[in-house]
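The values are calculated or read from the model by the stated rules, or taken from the named source; none is laboratory data. This one's a predicted model, so the numbers in the text were calculated from it and none came from an experiment. Glycine also receives a Cβ, built like all others from the backbone with ideal geometry; neighbour counts cover every protein chain displayed.
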Ligand code: 5GP
Ligand code: MG
Ligand code: MG
């Protein structure tokens with residue numbers, strides 16, 4: 001698995017420091033608001049787990065699974081809900097936890113959905129942001145790293161469902177894609 005990585009773009013230590021910093025910001029922002037923190041599966045599962053350990057105020061958690069890419073590396077624009085939330089968002093302060101924003105299509109769909117379900121507020125925290133990939137106007141409320149327009153894997157992010165368990169962010173060797 002490590003042999004498939006061409007370059008480590010962001011180390012485990014850098015990620016952990018950033019997640020701690022985001023947790024501190026969110027602890028201040030969501031003090032006394034008991035937000036519903038929503039993990040967008042699968043990509044955000046590791047970020048979610050590390051992030052909530054750094055949030056020091058009361059929160060509730062829920063999980064949603066969506067798929068926008070299939071097995072490819074580019075967004076199809078079609079967002080499919082594979083697993084919906086267990087609870088209502090009506091009247092709640094909602095924080096969406098995302099792994100990465102590229103085109104913005106997945107998130108803009110999710111934000112609209114939660115607003116239609118009458119959430120009190122909908123905010124977004126993303127660990128990675130690729131602003132050059134945007135096809136819809138969308139800005140995260142909280143973000144970790146702005147990255148160049150490359151396809152990254154690790155720390156929850158996959159290529160054909162592999163590499164999610166790498167503790168760092170890497171770029172795959174080009175020959176992996178042509179297999
Ligand atoms: P968007 O809808 O913003 O184009 O893409 C959203 C989803 O596509 C992300 O949550 C993530 O699952 C996937 N994605 C976007 N860019 C990358 C990337 O560089 N690497 C990986 N592994 N997934 C990505
Ligand atoms: Mg995602
Ligand atoms: Mg994926």
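Sort through 83, 42 and tell me the only one that's in contact (Cβ under 8 Å) with a residue 40 or more places away in the chain, under 19 Å from residue 158 (Cβ atoms) and exposed (fewer than 13 other Cβ atoms within 10 Å of the Cβ). Give the steps one after another, and end with the answer.
Values: 42 fails: exposed (fewer than 13 other Cβ atoms within 10 Å of the Cβ).
Going through 83, 42 in turn, the sole match is 83.
The set of residues in segment 128-161 that are part of a strand (DSSP E or B) and within 14 Å of ligand 3 (Cβ to nearest atom) comprises 128, 152, 153, 154, 157, 159. Segment 32-127 holds strands (runs of 3 or more DSSP E) entirely within its bounds, and those carrying 3 or more residues that are within 30 Å of residue 176 (Cα to Cα) and away from ligand 2 (no atom under 11 Å from the Cβ) map to 80-83.
With respect to residue 174, is the statement that it is away from ligand 2 (no atom under 16 Å from the Cβ), out of contact with any strand residue (DSSP E or B) (no Cβ under 6 Å at 6 or more places or on another chain), at pLDDT below 95 and farther than 22 Å from residue 34 by Cα true? So residue 174 fits the description; yes.
For segment 162-169, the condition of being within 16 Å of ligand 3 (Cβ to nearest atom) and part of a strand (DSSP E or B) holds for at least one residue. Sub-6 Å Cβ pairs linking a first residue in segment 154-166 that is under 17 Å from residue 6 (Cβ atoms) to a second residue that is assigned to a strand (DSSP E or B) and near ligand 3 (Cβ under 10 Å from one of its atoms), at least 6 apart or interchain, are 157/99; 159/153; 163/153, ordered by first then second residue.
Only a single criterion out of (1) at pLDDT 95 or above; (2) buried (at least 19 other Cβ atoms within 10 Å of the Cβ) is not satisfied by residue 102, namely (1).
With the requirement that a residue be out of contact with any helix residue (DSSP H, G or I) (no Cβ under 7 Å at 6 or more places or on another chain), in contact (Cβ under 8 Å) with a residue 60 or more places away in the chain and part of a helix (DSSP H, G or I), what does segment 3-13 give you?
12
Given the conditions (1) in contact (Cβ under 8 Å) with a residue 60 or more places away in the chain; (2) more than 16 Å from the chain's Cα centre (by Cα), report the number of the one that residue 47 does not fulfil. Looking at each condition in turn, residue 47 falls short on (2).
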